[in-house]
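Here the structure comes first, spelled out in structure tokens, and everything after it is commentary.
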Amino acid sequence: HRLDELQHIVDTVTIMRDGRFILEKPFADMTLNQIISNMVGREIKEKFPRIHTSKGRKILSVQNLCAGRMVRNINLDVYEGEILGIAGLMGAGRTETTRAIFGIDPKQSGTITLDGKELTIHCPQDAIREGLVLAPEDRKKDGLCIKLSIRENIALPNLDKLCNAFGIVNRKKEDAMVAQVVRDLKIKLSGPEADASSLSGGNQQKVVVGKWLARNSKVVIFDEPTRGIDVAAKVEIYQLMNELKKQGIAVLFVSSEMPEILGFSDRIVVMCDGKITGSLLQEQATQEKILELATRFENKFALER
């Protein structure tokens, strides 16, 4: 999936799509855009189809959050209709920060405020109940029960909405919820009873996000949302994030892909060694500035917008 590497390592490109041979040509005879178009069966005009919306009120505020060695005095705000990117090198503490906010890892100190209300989060269930959800880095291990059906994966975190007072699942509600998620996110599947393991990486990611959207969540955290998925599926994930943005949902996303962070964030915070070392607006951000902040191991500071 790292197409930029092709120019350094290949002589010939063979393209397949949906289990069929498409073409084979010398790499020198093709552009990267031609390769992508043949991979997905159509032209992708924008790799990062970013939309502009008016930033609304502050939705999420994290103040002085500490959780273990890799989350130290984190301060960040996310606004209604904003996509906030978190950049940094491997081991900077980005994933650990999302886990602490979501309640997977216990926090030692700090406050998390959602819509002006200070939250008490001891576990993910507390965060989910308040409308703060996470699409984790390892979707197969942490985001899905891959041996369960797509229906069950979507319904599982929403049983409080689907069950009656006696704990019996209302199948009509469940059918409607699953059908809406599949339709709204354009999930490609053989049927809702198919195992989640049967889906492509991109469609698995949609199921992970879809189960949370069924709850009308206020903040969606994405950790490496496009890792291991193809170019077309990446664009679909970006469009999904755009849709959340248009709905006024606050989006926080972690990515190790520098072009993705630069191309899709409204604002970027950079982490190094467990601390935030800087904050950049999208129009200010460059790869050089991000790398400078990502390698600032001394004189680290928390910088608010």
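For the range 82-112, a residue qualifies if it is within 20 Å of Leu244 (Cβ to Cβ) and either among the basic types (Lys, Arg) or over 15 Å from the mean Cα position of the chain (by Cα) (or both), and the qualifying residues are Arg94, Ile112. Within the option set Ser190, Ser149, Ser200, being more than 30 Å from Gly93 (Cβ to Cβ) and exposed (fewer than 13 other Cβ atoms within 10 Å of the Cβ) holds for one residue only, Ser190. The residue of the range 228-281 that is surrounded by the fewest Cβ atoms within 10 Å (Cβ to Cβ), among those that are more than 18 Å from Val133 (Cβ to Cβ) and acidic (Asp, Glu), is Glu257.
The single residue among Ala92, Ala28, Ala100, Ala87 that is surrounded by fewer than 20 Cβ atoms within 10 Å (Cβ to Cβ) and not aromatic (Phe, Trp, Tyr) turns out to be Ala28. Confirm whether Val207 is under 27 Å from Lys58 (Cα atoms) and either of a type in the set (Phe, Trp, Tyr) or surrounded by 20 or more Cβ atoms within 10 Å (Cβ to Cβ) (or both). It is false that Val207 is under 27 Å from Lys58 (Cα atoms) and either of a type in the set (Phe, Trp, Tyr) or surrounded by 20 or more Cβ atoms within 10 Å (Cβ to Cβ) (or both).
Tell me which of these Leu144 doesn't satisfy, since it passes every other one: (1) surrounded by 15 or more Cβ atoms within 10 Å (Cβ to Cβ); (2) free of Cβ contacts under 8 Å to residues at least 60 places away in the same chain. Leu144 satisfies every listed condition except (2). Taken together, Asp115, Asp160 contain a single residue that is assigned by TED's automatic domain parsing to the domain that holds Asp105 and at negative phi, which is Asp160.
Restricting Gly201, Gly167 to those that are assigned by TED's automatic domain parsing to the domain that holds Asn64 and either closer than 18 Å to Leu252 by Cα or over 19 Å from the mean Cα position of the chain (by Cα) (or both) reduces the list to Gly167.
The values are calculated or read from the model by the stated rules, or taken from the named source; none is laboratory data. Every value quoted in this text rests on a predicted model; they were computed, and no experiment measured them. Positions of Cβ are backbone-derived with ideal geometry, glycine not excepted, and every protein chain shown enters the neighbour counts.
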